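Single-structure report; data block below.
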Amino acid sequence: MTTRIGSLGLTPNRLDPTYYRPEHLRDCELRALWARESLDELRASSAPIVYGVLKPDDRGAKFRVAKAERFDGMFVSAADCDPVSEELFREFGRAEAVDGDLLVAIGGYVGRPAMLRLEDGLRVVVNRHLARVRIDTGRVDSGWVLAYFSSPLGERQLAREITGSVQAGINLCDLRLVEVPLPASEAQRYIGDKVRQAGRLRARARTMRHRLNTLLNLPHVTDALRTADRRANRVPSANLNNRLDAKYYGRRAMNVLESVSRSSVELGSLVENVSNGFEHRNFSDLGTPYITVAEVSGGRLALTTAPRLGPNVPIPEKAKIDTRCVLVVRTGSIGVAVPVFEDDTCAAISSHLIRLRYKSEQEAAVVAAFLNSDAGRVLLQKISYGAVQPQIGQDELLSLPLPRALIEQSSAIHVALKAEDACLRAVERLVSSAKLLVEYLIDGRLSEADLIAAQKGLEAGKRDADRAVLQSLRQGDGADAPPLIPDLDGLYALLDEPDEGSGP
């Protein structure tokens with residue numbers, strides 16, 4: 001492909017052809033229609049844009065180092081960052097980031113942006129592959145800036161600044177000059193608030209996860225998990241069976257099995273039925289979501305990225321799922337089990353997943369939560385077999401023990417799991433909304449006046465204009481594409497719930 005441009009369109013020091021690709025030039029024309037300023041102009045005057053130069057270290061507790069691989073969508077939490085010693089933290093203190101700072105990957109995962117969230121008194125510095133940008137919120141909405149760089153338009157703009165054929169990255173001097181379109185402050189705030197709402201619900205989901213971990217915590221099992229593995233282990237002959245692979249009898253795995261087995265029931269004693277899904281390889285743009293290992297490897301069902309079965313594909317009963325089901329990876333990402341929620345019941349599963357159906361949603365929630373706990377993952381890895389393609393057998397899965405103490409907490413575990421899932425789904429939809437709103441605004445599918453009216457309505461306690469804007473967002477480009485947020489009332493109800501500790 002060849003692009004011909006005039007000499008006035010050239011940028012000094014950039015003669016690499018990818019810099020002048022047609023899509024980049026079209027994006028420049030769109031941005032030219034808006035007032036805009038560079039990141040260096042929009043940053044806080046007391047905090048220059050910097051990167052860190054830390055090397056790995058694992059001796060810290062209060063001090064952490066942020067890396068792009070720890071980004072979780074638009075956000076990164078200090079608690080998820082790697083520890084670093086106080087000595088190294090002090091040495092590179094110029095690269096310390098505070099709550100709300102924008103972090104941009106300039107190496108490695110180049111171009112990925114995220115907002116830092118601090119908690120528990122932790123302090124964070126960025127590593128040498130991240131740039132810390134502290135936005136001057138008196139001049140621009142920081143949520144707008146994050147949404148812009150997370151949108152396809154912003155992603156392409158950052159990708160355009162990448163240089164280097166051996167080790168690709170963005171030079172700090174180039175990042176400082178990257179310009180951000182500046183619509184009216186109300187429009188910025190409207191989109192920025194979607195980002196902040198996502199951050200608030202993400203924090204609520206993390207609270208639910210902490211609560212769930214507390215419910216799953218059994219002291220004697222926690223002690224067994226601290227067992228150090230050795231290259232060899234001795235087990236009584238009474239514990240031997242037809243499995244003679246060394247991993248099966250590992251010291252840690254055997255101790256966890258023994259501790260979990262105290263006052264327990266077998267998973268198989270609770271199951272109503274068990275099956276695998278079915279194999280299909282011809283997919284369509286529309287139709288039933290087809291769940292493979294890739295859609296569950298993150299610990300939750302991800303329907304948005306799932307391939308689709310055409311409307312004429314017959315789906316066998318064994319591949320259908322409902323809210324009483326738990327899906328366990330049979331081959332591939334061993335150690336992953338996911339519950340099925342109401343929004344997932346439209347899907348069908350592949351033969352690489354084992355479907356366990358229980359008598360109630362509460363029983364299914366307990367089994368899924370336990371199998372996804374540290375102890376459950378150890379046991380799933382223990383029973384896996386195969387050196388090249390690890391697998392799990394149904395019989396061994398059904399013979400795993402489930403502590404009775406967790407069954408007694410089934411209602412609370414179910415509530416925590418559902419609350420966490422509802423928050424995480426809302427986070428995904430709000431993040432997608434913010435990105436799409438940026439795209440629609442910049443390319444003219446939504447007017448600035450639409451967003452201003454929606455923001456002013458929200459500030460007055462009215463959601464009519466906001467509802468109209470969000471209803472215009474679609475999951476695809478076609479007129480018949482499904483809405484991005486199918487249940488706006490459910491989202492509003494979730495946003496209206498008070499956060500814990502925020503009031504009576």
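3J(HN,Hα) along segment 182-199, derived from phi through the Karplus expression 6.51 cos²θ - 1.76 cosθ + 1.60 where θ = phi - 60°, amounts to 10, x, 4, 4, 5, 5, 4, 5, 4, 6, x, 5, 5, 5, 5, 5, 4, x Hz, with x in place of Gly and Pro. Label-to-label distance for V166 and V53 is 1.9 nm, based on points extended 7 Å past Cα in the beta-carbon direction. Only protein heavy atoms count here; under a 1.4 Å probe, K55 has an accessible surface of about 120 Å².
Could you let me know the centre-to-centre spacing of segment 247-315 and segment 333-400, using Cα atoms, in angstrom? That distance is 5 Å. Note on segment 242-359: with charges restricted to the Cβ of Lys and Arg (+1) and Asp and Glu (-1), its dipole about the Cα centre is near 440 debye. Quick one: which residues, 5 or more positions from S38 or on another chain, have an amide H under 5 Å from its amide H? H modelled 1.01 Å from N in the peptide plane, none for Pro or chain starts. Here the answer is V180, since their amide H atoms fall under 5 Å of that of S38. The protection proxy used here, the mean number of other Cβ atoms lying within 10 Å of each residue, ranks peptides 222-229, 319-326, 124-131, 481-488 as follows, highest first: 124-131, 319-326, 481-488, 222-229. Listed values for segment 225-242 are Karplus-derived 3J(HN,Hα) couplings in whole Hz (6.51 cos²θ - 1.76 cosθ + 1.60, θ = phi - 60°), namely 5, 7, 4, 7, 6, 10, 5, 9, 8, 9, 10, x, 4, 5, 8, 7, 9, 6, and x replaces Gly and Pro.
Selection among I162, G444, S261 by position relative to the dipole of the chain gives S261 as farthest towards the positive end (Cβ unit charges, Cα centre). Other residues with beta-carbon under 14 Å from the beta-carbon of R445 carry, at +1 per Lys or Arg and -1 per Asp or Glu, a net charge of -3.
When all protein chains stay in place and ligands, DNA and RNA are ignored, the 1.4 Å accessible-area order of S350, S411, largest first, is S411, S350.
Computed over protein heavy atoms with a 1.4 Å probe, the carbon and sulfur contribution to the accessible area of the chain reaches 50%. For segment 450-461, the Karplus equation 6.51 cos²θ - 1.76 cosθ + 1.60, evaluated at θ = phi - 60°, returns couplings of 4, 6, 4, 5, 5, 5, 5, x, 4, 5, 8, x Hz by residue, with Gly and Pro reported as x. Under 5 Å between amide hydrogens, built in the peptide plane, is the criterion, and for R330 it picks out L353, I354 among residues at least 5 positions away or on other chains.
Residue order by solvent-accessible surface for C81, C28, C173 is C173, C28, C81, largest first, with ligands and nucleic acids left out and a 1.4 Å probe. In summary, the lysines within cross-link reach of K55, defined as a Cα separation below 28 angstrom excluding same-chain residues under 8 places away, comprise K67.
Quick check: net charge around G310, other residues with Cβ under 14 Å of its Cβ, Lys/Arg +1 and Asp/Glu -1? Summing Lys/Arg as +1 and Asp/Glu as -1 gives +1. Could you tally the net charge around Q394, taking each other residue with its Cβ under 12 Å from the Cβ of Q394, Lys/Arg +1 and Asp/Glu -1? So the environment of Q394 carries a net charge of 0. Rolling a 1.4 Å probe over the heavy atoms of the protein chains gives the chain an accessible area of 48 Å² per residue. For T288, nonlocal amide neighbours, meaning residues 5 or more places apart or on other chains whose placed amide H falls under 5 Å from its own, are L309.
The values are calculated or read from the model by the stated rules, or taken from the named source; none is laboratory data. Computed from a prediction, not measured in an experiment: that's the story for all the values here. A quick note on method: Cβ atoms are made from the backbone with ideal geometry, for glycine too, and the neighbour counts reach across all protein chains shown. Remember, those area values only see protein heavy atoms, side chains included, never the ligands or the DNA or RNA. Shrake-Rupley method; radii C 1.70, N 1.55, O 1.52, S 1.80 Å.
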